[in-house]
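What follows is calculated from the coordinates using simple rules that are stated; it is not laboratory data. Nothing here was measured: the structure is a model prediction, and the numbers come from that model. Note that each Cβ is placed from the backbone with ideal geometry, even for glycine, and that neighbours are counted across all protein chains shown.
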Amino acid sequence: MPRKKTSPLGVKNAPAKKQRRKGCSAEGCSNIAVGGGVCNKHGATEKLCSNDGCTNKAIKGGVCHRHGAKRKNCSSDGCTNQVVKGGVCHRHGAKVKKCSHSGCTSFAKIGGICIRHGAKVKKCSHSGCTSFAKKGGVCKTHGAEVKICNHEDCPNKVHQGGVCKRHREVPSKERVSEKYQLVSLSRATMKELNELHIPKNAKADILFNCSASVYEKLSEEEQQRLKFKQFSNGECYTDSCRTQRKIPPSDMPKLLEHTIQGALNKPDISLHKGNAITTAPGAKRQQCHTDYDEQVMESGEASFVIVPLGKERQSIIVKDGNNLRRVHLLPLNAFIGRGDLEHAGSEDQGTRLHFEFIPERFYSTAEASTYFVEDKTYPDCPL
């Protein structure tokens, strides 16, 4: 019967000894050997990125991070930070040793303590200099090579991706002005719109100023002042100064449709569900909302169109973060809003036309409904 293998000490399954990395063979040097028995300082050759003209160190596959070497990202859902330990970043739980000094939260460098509390870090070898050594045993002032931003004529130090912080491309927050545009209309188009036949008894599918949940939270005094009536669907309230009539599907304005298709470069999408909205003196603005559900908005193909009629000065309110902005509706112009633009009809007196502009596949799913969003100042209009 074969004998079971044991460790040299006679202990079964003894853990393998951790191999120590070889030190640099140069006399008096305590650095770790990188190649050929020596450290970088004493001549070890490093593989450089194979991309033409790049002097960065090759990380993986012969290239540096900048030219395609893949960094491991944090495994937490949606996080793009670099892995620190255990497959996650600092933010999502990577355990990193902290300084053992009482009350100190800095990271430990050497010997379980941070630099402030005594961790020995190499200082510049230049006589009398107390700065930390950066490269080649010296600090930046005394000759350590520091990579410079590759942006033309920029003397700043590289921060990431070969450029400094100033020239690093940071994705900016989308501006609300990027979600809408004003498009000029021809006089022929305006004539077509003014001549639309809209039956007086063509009631709209939905009419509102605000959601039921917002109105019912108002004080009794505020409700008495507004005197809103509950709409038939029970989901919203409206005032008596706002009326809305449905435009017959057969009367969709073709000249306007052609203009919108050209402005958005979407020739296969048509106008859908039109309404004529009239606001009389004393009306209150609407609560901020969107016209479509998430499925329609996420398609990126939905828009809505508003055209003011008459000579009255009218506007639409758009939500910009936690703030509200008023966008004036110009005569002979159409306002085209992206499907995810949070907006509200203003209290301005006048008549305007409102159309949906969505792909035909959404006709059956785009219900006559409104998707209210948080509107902290309602019913006031601080603009």
Point to revise | Cα-centred dipole magnitude for the chain, charges only on beta-carbon of K, R (+1) and D, E (-1), debye, nearest 20 | key: 4320 debye
Review point. So for the chain, taking the charge dipole from beta-carbon charges (+1 Lys/Arg, -1 Asp/Glu), which of S364, S213, C104 sits furthest toward the positive end?
Key: C104
Practice item. Compute the length gained on full extension between S127 and Q224: take 0.36 nm times their separation in residues and subtract their Cα-Cα distance, giving the result in nm to one decimal. Key: 26.6 nm
Revision key, fill the gap. Listed by chain and number, the residues whose amide H is under 5 Å from that of I148, excluding neighbours fewer than 5 places away on the same chain and using placed H, are V158
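Using 1/(1 + (r/R0)^6) with R0 = 22 angstrom and r between the beta carbons of K165 and C79, what's the FRET efficiency to the nearest 0.05? Don't skip to the end; give the middle numbers.
Numbers: r = 22 Å, r/R0 = 0.99.
With a Förster radius of 22 Å, E is 0.50.
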Exercise for review: Take every Cα-Cα pair in the chain and report what % of them are more than 31 Å apart.
Suggested key: 61 percent
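Could the peptides 52-64, 309-321 be put in order, highest first, of the mean number of other beta-carbon atoms found within 10 Å of their residues? Kindly include the intermediate steps, with their values, before the conclusion.
On the way: 52-64: 13.8, 309-321: 16.5.
Listed from highest to lowest mean packing, they are 309-321, 52-64.
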Review point. Using r as the Cβ-Cβ distance of K254 and L330, and R0 as 22 Å, what FRET efficiency do you calculate, to the nearest 0.05?
Key: 0.50
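Just in segment 135-206: which trypsin sites (Lys or Arg not before Pro) are loop by DSSP and have at most 16 other Cβ atoms within 10 Å?
K140, K147, K165, R166, R168, K173, R175, K200
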Review point. In whole angstrom, how far apart do the alpha carbon centroids of segment 55-73 and segment 340-362 sit?
Key: 50 Å
Review point. Pairs K57/K85; K60/K85; K72/K140: which exceed 27 Å Cα-Cα?
Key: K72/K140
Point to revise | Dipole magnitude of segment 81-162, debye to nearest 20 (Cβ charges: Lys/Arg +1, Asp/Glu -1, about Cα centre) | key: 500 debye
**Study point:** Positive-pole candidate from V63, H126, N156, dipole of the chain, charges at beta carbon
**Key:** H126
Check your understanding: Put a dot 7 Å past each Cα toward the Cβ at S106 and L48; how far apart are the dots in nm?
Key -> 3.6 nm
**Study point:** Summed residue charge, Cβ within 14 Å of P199's Cβ, Lys/Arg positive, Asp/Glu negative
**Key:** +3
**Study point:** Relative packing of 227-233, 348-354, 289-295, which averages over residues the other C-beta atoms within 10 Å, highest first
**Key:** 348-354, 289-295, 227-233
Review point. Going by Cβ distance under 4.7 Å, what cysteines of the chain have no possible disulfide partner?
Key: C210, C236, C241, C288, C381
**Study point:** Longest to shortest principal axis, alpha-carbon extents of segment 122-168, angstrom
**Key:** 35, 17, 15
Check your understanding: Karplus couplings for segment 261-267 from phi (6.51 cos²θ - 1.76 cosθ + 1.60, θ = phi - 60°), rounded to Hz, Gly and Pro as x?
Key -> 4, x, 5, 9, 6, 10, x
Exercise for review: Could you give the size of the charge dipole of segment 177-372 about its Cα centre, using +1 on the Cβ of each K and R and -1 on the Cβ of each D and E, expressed in debye and rounded to the nearest 20?
Suggested key: 820 debye
Check your understanding: At N233 and T55, where each label point lies 7 Å from the Cα along Cα→Cβ, what is the point-to-point distance in nanometres?
Key -> 6.6 nm
Revision key, fill the gap. Among A276, A133, A263, the residue with the largest mean-square fluctuation in a Gaussian network model of the chain built from Cα contacts under 10 Å is A133
Review point. If one computes P(r) from the Cα atoms of segment 105-220, what percent of pairs lie at distances over 22 Å?
Key: 74 percent
